[in-house]
Structure formats: structure tokens, C-alpha cells
Amino acid sequence: MKSKKKIFFGSIALVLLLLFWFCLPKHLFRAPTSFVIDDNQGQLLGASIASDGQWRFPYNPAVPPKFKACIIAFEDKRFEHHFGFDFLAFGRAIKQNIRARHVVSGGSTLTMQVIRLSTRKNRTIWQKMVEIFKAMRMELTYSKNEILALYTSNAPFGSNVVGLDAASWRYFGRSPDKLSWGEMAALAVLPNSPSLVHPGKNRLILLKKRNLLLDRLAQQHTIDATTAALAKLEPVPEKPMPLPMLAPHLLQRFKNDNITRLQNGGRIKTSINSTLQQNVSDILERNHQLLKANDIRNAAAIVLDVETGQTLAYVGNINHPENPDMESDVDVIAAPRSPGSTLKPLLYAAMLHDGLILPNSLLPDIPTQIAGYHPENFDLSYDGAVPASKALARSLNIPAVRSLQQYKYERFHALLRKMGMTTLKQPADFYGLSLILGGSENTLWELSGAYADMARVLNHYNRYHSRYDANDYHNPVYTPTAYPKPELEKNGLLDAGSIYYTFQAMEEVMRPGDEMLWQQFSSTQRIAWKTGTSFGFRDGWAIGVTPRYVVGVWVGNTNGEGRPGLIGVNTAAPILFEIFRQLPVARDWFDVPAGEMTSIAICHESGYRAGEYCEHIDTLFVPKTGLKAPVCPFHQLVHLDASRKWQVNSVCESPTNMVHQSWFVLPPSMEFYYKSKNYRYQSLPPFRADCAATMQRPMEIIYPKDGSKVYVPLEADGSRGRMICNAAHRQNGIKIFWHLDDQYIGETKDYHQMALNPSAGKHTLTLVDANANRIQIRFEVLDKTNPATR
């Protein structure tokens, strides 16, 4: 019988022991918290209210020494010595309550209050016993500092403010570690009576309690009498203050990133430099005051550290929440927008990397139509032929489209995806050649990150002894992160030499055409920069690169409304250079990646590798991939008579009487525009009358191209318009006779242009010159009213 009793009582004891041990949940507090972001020095940038409407910052294990002294003196003077339950305090509370005939003191320790705050249940005698039970259990596995930190982070401080961190910012506008003794004492008495903080009410009661606590601290020699007297002169908080909102769009980004991971609240230390953040915000606001005169309502800017990819400033939009029409809550840095011309440097680098061009290779800049796609330069002009570096510096569209046609848009699409462009969600065929002119959508976040990737590769090339690190390509980050161990490879996605020459071209300042305002930009540091303007003047871009920083700027309207004059060089570039003036200059320019360079003989006129007929040769240091570049296609050996005024051949002239001369010869369509802007260019002499011109094609149809499909537009009055056809001939003053579908329609001389009005359907255009040279192309006029022809 005794053994059964022992087993019975032993079982009860075991059950009680198990209940005691497992009475605490794994997580005491599950209430949602605010999303909070700090700058790189730990100072508050912004916070959002928790989902339950409370200002409750996440748990902070660090308790300020002043608050620790105040709260222990006011709430639980034997906190450091009891085991969760203070018999003396509990007995004193019972006596006080009996004398007053109502509850005036609870006798709860700070540990018991932590338990009460975690359960949020109505207080009864039974609940009080449960609190004692759990508090004693808590003391076994939680340190005193952990218990105090839990109390500090979850105690109510009046209104909808919970926790010391939130209270410090809401009532005093600064972090707890910067509060005075008077301010900290005022906060320490609030959890006992949180209703004391209310505008216009209970001010004297709060003041009295605060001063009594200060006297107690002086009596305990925690502070001296002078400190206590001065602290009493400080005012108590009036009403909650607004929290700092230096980076509201980054806060929203952090919130969105965490909500997708099913986290309800959190706090991070970001990489943001709060001083730079404020300066960039001010710059955007100043420029916005000018831009809004043209009804341009929004602007955004980002500053990245090249080495780490960390974000130093993140201003997602101008900040005018009081005006909903401005839509300033939209984070443009993360919003997909048409990138305009900002992808052109990446294509230039890719072309160099593949050896398709050299830095100054001549590219065609002539009227172009490719499968119905008809790109035009911003200023609607043509250069005929332009060096690749100048085409990039001037942001010419036609050379870029023709380059992409050569490189293949499928490959360029794949390259952009490898460089972190996640917004290219459609297959390459969806974008086609328009990909290079803003036909896709990209974000300022990823575009700026791509430029930072290239700068990082170039910086690291010499450091890694002519090797490449695959980890150099990554999207930006907004938190301090450890850089991964380099994964060194022999070859990179883009070689350092191609990147170096790309930045060299981007540094070119004289930009005619759409870049006419270059003179107004001056800076104390060398900057590689690129602007962009989307179709319809909806987006203005500017992105700049130095060895240390990348700055990206966007200007426009978040609703997609276009505005006249909304072009990157007018709107975004001034902001870009103003931001760069806020950044320190640590080093002048990128180091030359000598390991990726080699000396090559370059044709001076064409920019290609020198051929046997190139007479003016430059020896230049260019990327090694240039060894694969084409040989100059424009220099050829021509045969002239003794006067050098006429071309001849063996039919009409003895080879012994011929003068053999190297000549720089462009195709007729390129020559037509090139010679008007390059006075030194010399056209080929014509063939002498007694010679058969069998070696050269003397003329070319510029528009339309063979096999093209065209629309004939309607005039303003609704009548059918005309299509303008263009041709070029090497011989000045010669007549060209035009035929449409074998019907003679007219002749031209010198300037070969003809207006035609062909009906819908397929047609043949034939040109014959005065020397009986003949050229013929076929084209189709589409009928807009017939869906089958579209």
C-alpha cells in the first residue's frame, strides 16, 4: 500500500515537474512588430506601424543602462536577487491593498510582468498564481538581462506605443541611448500607468511620478543631487512625434521582401549612409520644383558602392504623401520601365568581347529597314558611317540596331539575363531588335547593378592577377553583407578590356543630337555616363560610373504620361552630376587591364584591322579579342589613268600606263551621307567614257530595301499619302531614270529622291542611270484595312 502511495505521489510530482518545466511556450511573444530600418551607423531611417496598429519595434537584447537603473528602482528593486517572485514586495502589496480597501499595488516582479504581458489575460487571483508559477520557471532558463530585455521590448508606453525603442522615438525623437536621465525616468514610470501620456491630460501626475523616481535614484546614489535637480527641469513628453522617414521606399521594399517570406515585422541595419540619403533626397526635391513646371511629377535616384554592391542612397521617389496625384508612394527604383538607350553600352562591350568590332570601327548609319522595323536616330539625321565609340557616345539608334542584328538579339537577351536582368520575362523573339532601344522593361535597381558589375570586374581584374570572379555579377544589396570567396576563372562574361573601352567611350562628353547640353555638366572627377529616353518621352534616365560608385537617376511620371522635353540629358543628367558632387573622389580612373590588351595595326580611316591596301596605320592598344576583328573592308586598289581623274581597266588602258592607288571606298548609301559631313572624303573617280564600268556597283537604293513591307500613310485631310524613295550614286551630276512595275515615272539628278503612290500589293522598282547601269528591288505595300496583310 505504501509503495502504491509512493508511486501515486511520485507520479503527481513528476506531472507537476513536467508542467512546471514545459509551462513556458518556445516563443513568449508572437505579436506582430513594426518593420524598422537603420542606417549603416545603426540610426533609425524609418519604421512602419505593426499590422495590429501598434508601434512595436522588434525585440532588442540591449537594454540602456539608464533605463535599467530607472525601471529596477521604480518597479522591482530586488530584481537582481529574487527568483521570479518577491515575497517581501508581495506581502507589502497585500497590506497596502487591505488598508486602502482597493488594489493600489500588485507586488509583481518584472519577471511576473513579462509573463503577464505575454499572455494578455484579465488579472485574477488564479492568473496571479499562474504568473508566479511561470515567473519562477522563467528564472531557471532566462538570464536577468534577457528578462529585462523582454520587458523593455514589450511593455506598454501609452497610446499605441509598445516597447522602449518605439517610445523613445515617438516621445523624444531619438534613440534610447541618447536620452537624458529626466527623459528616461519619464519613460520608466509609463508602463505602470501608460495612460499618463495623453495630450492635455495627466501632465502633473506624470511629472510628479517622474520626479519621485529621480529622487529615489539620487537616494540610491545612482545619480547625484545636481543631476537629479537638473533632470527635474526637463519637460515631460507632450504627445507622440512622427518617426523619421528618410527612406520610405526602402522601408517598403524591406517590408515586401519579408512579407513574401511570411515574416510579420523585423529590423535590419542597412548599408544606407543617412547623410548622403538626405542630400540625394534634397537634390531630387530641388530639381522636382523645376521639373513640375513641365508637369513631370516623379524622380528617383540610387547610389551604389561598386566594390560591395551595397546601396548607399535609395530615394525611390519624391516624397509628397500629402498630394495623392503625385503617386509619390510608388517605388520607381523597383518599378519596371522602358530603359531607352541605357542598354547600348552593354551591347558595345559584348561586340568588343566577341571581336566583332574594334573600339572605333566604322558602323553604318543610314536609313534602315529590317523585317518591317524602321529605326531612326533621335535627331532624324544620318552620318553614313560613324566610329563605334562615337555612336555609343552620341547614342545613335541605327548603328545600335544594326549592331544588335549582327550580334543576334537572342544572344544579347541571354547576356542580359546572366547579368541579373530578371524583368526580361518574355522570350527574345518577343522583343526582337527593339530590345536595344527600350523595347523591354528594366528597373533602375538592376540597371545600376549591371553597371556596378562591369566596374567591379574591371577593378578586380588586376587585383586577381588577370583572372575573373564569377561572383562579381550580382544584384545590388541594401544590407551590409560579407563578400563571398572569389571563384576565379580564366574567362569572364565580359572581358576587362572590352569593359575598359566601353567606359572610355561613355566618358566622351561632346554629344550632339539628343545630347546637346553636354557643356553644362562639369565635375571634378572622371565619370562614364549614359543617358536614355523612352519612346513617347515617358522616361528619362542617366547612369554614371566611377571606380568607386554608380549613380542611377530616373525622371518621369509614374502613370506613364509622356511630356515634351522629357529626355534623359535634360532631366536626369543634371541630377546625376549633382549627386556625384556629393561623393568623395578616391581614385582618378580605372586601371588599364594590360593582361587583356594587345597592340594591333588599325586602319586610321575605318577603325578596323589594317588590310594590305590601308596606307594610314595606327598601332593601338586594344582588347585581345580584337585579333578576331574583321580586316578593313573599305580600302581597295583602284586603277587610274595618268591624269588620276578617271578609272580605267585593261579594256581601255594598257596596264603599263595605269596608276595603281589605294582608295577608301564606302558603299554608295553610306557614302551619300558620310561625304556631306566629312569634307576630306574623296569619292571614286568615274570610269573613263571608253571603259566598261564592270568592277563597281555605282548606285544603291537606300529606301525601300529589297523584300521590305511598307505602309503608305494617310495625309492630314485623309487622302492617301506618298512613300519617299531614296537612292545614291557615286557619280555626281548623273541622271537616274525611275521605273515602277516597268512603267517610267520620272528622272532625278544630283539628289535622287522620288515620291511614289503605289497601290497595295507587290511592286518592282527599277533604276537605270545614264550609263545604262541597272538596279532592281521588290517591295510590298500593305493594306491597313486588310488584316491578312498586317
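Inclusion of residue 167 among residues that are open to solvent by less than 40 Å² (accessible area, probe 1.4 Å) and not polar (S, T, N, Q) is warranted. Beta carbons closer than 6 Å, at least 6 apart along the sequence or on distinct chains, never pair a first residue in the range 137-153 that is on the phi > 0 side of the Ramachandran plot with a second that is in a helix (DSSP H, G or I) and not charged (D, E, K, R). Candidates are the residues of the range 371-385 that are out of contact with any helix residue (DSSP H, G or I) (no Cβ under 6 Å at 6 or more places or on another chain) and not acidic (Asp, Glu); the one that is modelled with the highest pLDDT is 381.
Of all the residues in the range 262-287, those that are under 21 Å from residue 573 (Cβ atoms) and without any contact (Cβ under 8 Å) to a residue 40 or more places away in the chain number 4.
Close contacts from the range 687-698, counting a first residue that is outside any loop (DSSP other than H, G, I, E, B) and a second that is open to solvent by less than 50 Å² (accessible area, probe 1.4 Å) and at pLDDT below 65, with Cβ to Cβ under 7 Å and a gap of 6+ residues or different chains, come to 687/693.
Scan the range 635-650 and tell me whether some residue there is open to solvent by 30 Å² or more (accessible area, probe 1.4 Å) and either under 30 Å from residue 355 (Cα atoms) or within 43 Å of the chain's Cα centre (by Cα) (or both). Yes, the range 635-650 has at least one match. Counting only helices (runs of 4 or more DSSP H) wholly contained in the range 205-291, the ones carrying 1 or more residues that are open to solvent by 10 Å² or more (accessible area, probe 1.4 Å), in contact with a Phe, Trp or Tyr (Cβ under 8 Å, 6 or more places away or on another chain) and under 26 Å from residue 184 (Cα atoms) occupy 225-232.
Pairs linking a residue in the range 705-732 that is on the phi > 0 side of the Ramachandran plot to a residue that is surrounded by fewer than 16 Cβ atoms within 10 Å (Cβ to Cβ) and not in a loop (DSSP other than H, G, I, E, B), with Cβ atoms under 8 Å and 6 or more positions apart or on different chains, are 707/778. For residue 508, the conditions (1) in a helix (DSSP H, G or I); (2) in contact (Cβ under 8 Å) with a residue 40 or more places away in the chain; (3) of a type outside the set (Ser, Thr, Tyr); (4) under 19 Å from residue 530 (Cα atoms) all hold with the exception of (1). For residue 328, the stated conditions hold: it is over 25 Å from residue 419 (Cα atoms), open to solvent by less than 20 Å² (accessible area, probe 1.4 Å) and in a loop (DSSP other than H, G, I, E, B). Just give me the residues in the range 411-425 being over 13 Å from residue 350 (Cα atoms) and touching a residue at least 12 places away in the same chain (Cβ under 8 Å), in sequence order. Correct list: 420, 421, 422, 423, 424.
The set of residues from the range 153-195 being under 13 Å from residue 209 (Cα atoms) and either outside any helix (DSSP H, G or I) or among the charged types (D, E, K, R) (or both) comprises 183, 189, 190, 191, 192, 193. Counted as qualifying within the range 387-486 are the helices (runs of 4 or more DSSP H) with 1 or more residues that are surrounded by fewer than 16 Cβ atoms within 10 Å (Cβ to Cβ), namely 397-407, 409-418, 428-431, 444-463. Scan the range 345-382 for residues that are in a loop (DSSP other than H, G, I, E, B) and open to solvent by 20 Å² or more (accessible area, probe 1.4 Å) and the total you get is 13. Among the residues making up the range 695-734, those that are of a type outside the set (Gly, Ala, Ser) and open to solvent by 80 Å² or more (accessible area, probe 1.4 Å) are 695, 697, 706, 709, 711, 714, 715, 717, 720, 722, 732.
Has the range 358-381 got at least one residue that is more than 30 Å from residue 778 (Cα to Cα), in contact with a strand residue (DSSP E or B) (Cβ under 8 Å, 6 or more places away or on another chain), touching a residue at least 40 places away in the same chain (Cβ under 8 Å) and among the small types (Gly, Ala, Ser)? Before you say what the answer is, go through the steps one by one.
So the first thing to find is which residues in the range 358-381 are more than 30 Å from residue 778 (Cα to Cα), and the list is 358-361.
Next, only the ones that are in contact with a strand residue (DSSP E or B) (Cβ under 8 Å, 6 or more places away or on another chain) stay: 358-361.
Still in the list and also touching a residue at least 40 places away in the same chain (Cβ under 8 Å): 358-361.
So of that shortlist, the ones also among the small types (Gly, Ala, Ser) come out as 361.
Yes, that holds for at least one residue.
Of all the residues that make up the range 628-652, how many are aromatic (Phe, Trp, Tyr) and within 20 Å of residue 615 (Cα to Cα)? Residues that pass the stated criteria total 1. Contact map, the range 462-478: residues that are under 19 Å from residue 417 (Cβ atoms) paired with residues that are at pLDDT 90 or above and among the basic types (Lys, Arg), Cβ distance under 8 Å, separation 6+ or inter-chain. Pairs shown: 468/490; 472/456; 473/418. Only strands (runs of 3 or more DSSP E) whose full extent lies in the range 575-671 are considered here, and the ones with at least 1 residues that are under 30 Å from residue 702 (Cβ atoms) and polar (S, T, N, Q) are 635-640, 659-664.
Of the residues making up the range 747-758, none is touching a Phe, Trp or Tyr at 6+ places or on another chain (Cβ under 8 Å), open to solvent by less than 30 Å² (accessible area, probe 1.4 Å), outside any loop (DSSP other than H, G, I, E, B) and closer than 19 Å to residue 783 by Cβ. Restricting attention to the range 565-595, the residues being under 20 Å from residue 274 (Cβ atoms) and either among the small types (Gly, Ala, Ser) or open to solvent by less than 30 Å² (accessible area, probe 1.4 Å) (or both) number 4.
The values are calculated or read from the model by the stated rules, or taken from the named source; none is laboratory data. The structure presented is a predicted model; accordingly, all values stated were derived computationally and were not measured. Because the Cβ atoms are built from the backbone with ideal geometry, glycine has one as well, and the counts that use them run over all protein chains shown. When the accessible area is computed, the model is the full protein with side chains, heavy atoms only, and any ligands, DNA or RNA have been set aside. Shrake-Rupley method; radii C 1.70, N 1.55, O 1.52, S 1.80 Å.
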